[in-house]
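See structure below.
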Amino acid sequence: VICAKDSSLSGALFGIGLLQAVIYLLFIRAIDLYEREPLRYVIPVFLWGFAVATTVSLVFNTLFQLTLSSVTSVKTASFFAAVLSAPIVEESSKGLALLIIFLIAYLMRRRTGLIEFAGVMDGIVYGSAVGFGFAIAEDLLYGLQYGPETFVVRRIFGGFAHASFTALTGIGIGLIPLVQNRALKVVVPLLGLLGAITLHATFNLLATLFGPVGYLFLFLVVLTYIVVIVVWLYIERRTIRNELDNEVKAGTITPQEYAILPSYFRRKAYYGGLVFTGKLGEWRTARKLHHTAVDLALAKRLASRSGSAGSMDRVQMLRQKVLDTREGTSHRVDL
């Protein structure tokens, strides 16, 4: 029951917290430098975390605690709810959103030729998105129950907690298209979910028993989360360089394009130069061509791992799209 004193959490304070969560969401999407995830997928995942996962977790965690408190003390029931029930229920409810969006993205590949949810970085983005949504809703509930100070502390020190936990589930699901063994396609996402549950349970255990020590553990988790992002971005940059090397020899990519495509910042500098000199048509075409070329590189990596006819067809489709984009530019110039 929330008393009047506890409900003093202001709408302005919640608005600031929500804005913080949205900024986190846009930031984590923005640092996916080479294949940014569509907002039409990212936003529903965030909303699932905010509304669906929170509601499911609240119901099941409350039932677990009430059931256990009927045979033991309230303190013991609260402890086991925090370290056992909450990690399992919350990570599973958040993970369900990731599985649904993966299946949708996988089905949509028939129309677009691309799988929008494939790889470590994609998993981190979607896992973080559902985590950010869940965290702001959970912090609101805690703020209403325990006061605005609790809300502020959780926002400052725990804003990335759920994102970093559920990113493991996202990574596990994102690796499904990259592994060939059918058994691994099931085992890897389950290991990701188990890892998320373990991190969540460890944090809750340490925070319950030792208070601030839990946030020291969380700092290490978030630091690892950042390292994984940096390493995977490096791997993607190297993949783009390696996979497009023979496309230069084949004439799909020009040497000038190859020089800037692996570097996100070189591409942005090139676009800035086009805009600054008023070459808006060239800017639009270059962005489209470069985006398709990066998709081609990542699709070639996926095809080399899966070896399926469908993945090879997607590579050919993207290769032709690069050529058609350049061909269309040539025609417009001739006219």
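Below is a table of values for the structure above.
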{"quantity": "Failed item in (1) open to solvent by 40 Å² or more (accessible area, probe 1.4 Å); (2) of a type outside the set (Val, Ile, Thr); (3) without any contact (Cβ under 8 Å) to a residue 24 or more places away in the chain, with residue 311 passing the rest", "calculated": "(1)"}
{"quantity": "Sole exception among (1) within 14 Å of the chain's Cα centre (by Cα); (2) surrounded by fewer than 24 Cβ atoms within 10 Å (Cβ to Cβ); (3) part of a helix (DSSP H, G or I); (4) not polar (S, T, N, Q) for residue 116, by number", "calculated": "(3)"}
{"quantity": "Some residue of the range 80-93 being open to solvent by 50 Å² or more (accessible area, probe 1.4 Å), farther than 23 Å from residue 164 by Cβ, without any contact (Cβ under 8 Å) to a residue 12 or more places away in the chain and part of a helix (DSSP H, G or I)", "calculated": "no"}
{"quantity": "The range 314-335, residues that are open to solvent by 30 Å² or more (accessible area, probe 1.4 Å) and at pLDDT below 75", "calculated": "329, 330, 331, 332, 333, 334, 335"}
{"quantity": "Single residue of 270, 225 found to be hydroxyl-bearing (Ser, Thr, Tyr), surrounded by 17 or more Cβ atoms within 10 Å (Cβ to Cβ) and either more than 16 Å from residue 288 (Cα to Cα) or at pLDDT 95 or above (or both)", "calculated": "225"}
{"quantity": "Filter result for residue 203 (hydrophobic (A, V, I, L, M, F, W, C), in contact (Cβ under 8 Å) with a residue 40 or more places away in the chain and open to solvent by 20 Å² or more (accessible area, probe 1.4 Å))", "calculated": "yes"}
{"quantity": "Residues satisfying the stated conditions in the range 19-46, i.e. closer than 24 Å to residue 157 by Cβ and either open to solvent by 60 Å² or more (accessible area, probe 1.4 Å) or in a loop (DSSP other than H, G, I, E, B) (or both)", "calculated": "19, 23, 26, 27, 31"}
{"quantity": "Considering residues of the range 139-188 that are in contact with a Lys or Arg (Cβ under 8 Å, 6 or more places away or on another chain) and within 18 Å of residue 87 (Cβ to Cβ) only, the residue surrounded by the most Cβ atoms within 10 Å (Cβ to Cβ)", "calculated": "166"}
{"quantity": "Hits in the range 189-200 - residues which are surrounded by fewer than 18 Cβ atoms within 10 Å (Cβ to Cβ) and of a type in the set (Val, Ile, Thr)", "calculated": "198"}
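Every residue, every condition in (1) under 23 Å from the mean Cα position of the chain (by Cα); (2) touching a residue at least 40 places away in the same chain (Cβ under 8 Å), yes or no:
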| position | (1), (2) |
| --- | --- |
| 274 | no, no |
| 280 | no, no |
| 299 | yes, yes |
| 319 | no, yes |
| 323 | no, yes |
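This table checks each residue for (1) among the aromatic types (Phe, Trp, Tyr); (2) out of contact with any Phe, Trp or Tyr (no Cβ under 8 Å at 6 or more places or on another chain).
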| residue | (1), (2) |
| --- | --- |
| 203 | yes, no |
| 207 | no, no |
| 213 | no, yes |
| 218 | no, no |
| 228 | no, yes |
| 233 | no, no |
| 236 | no, no |
| 239 | no, yes |
| 242 | no, yes |
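The values are calculated or read from the model by the stated rules, or taken from the named source; none is laboratory data. For clarity, every value in this text was computed on a predicted model and none was experimentally measured. We place every Cβ from the backbone using ideal geometry, glycine too, and count neighbours over all the protein chains shown. Accessible surface areas use protein heavy atoms only, side chains included; no ligands, DNA or RNA. Shrake-Rupley method; radii C 1.70, N 1.55, O 1.52, S 1.80 Å.
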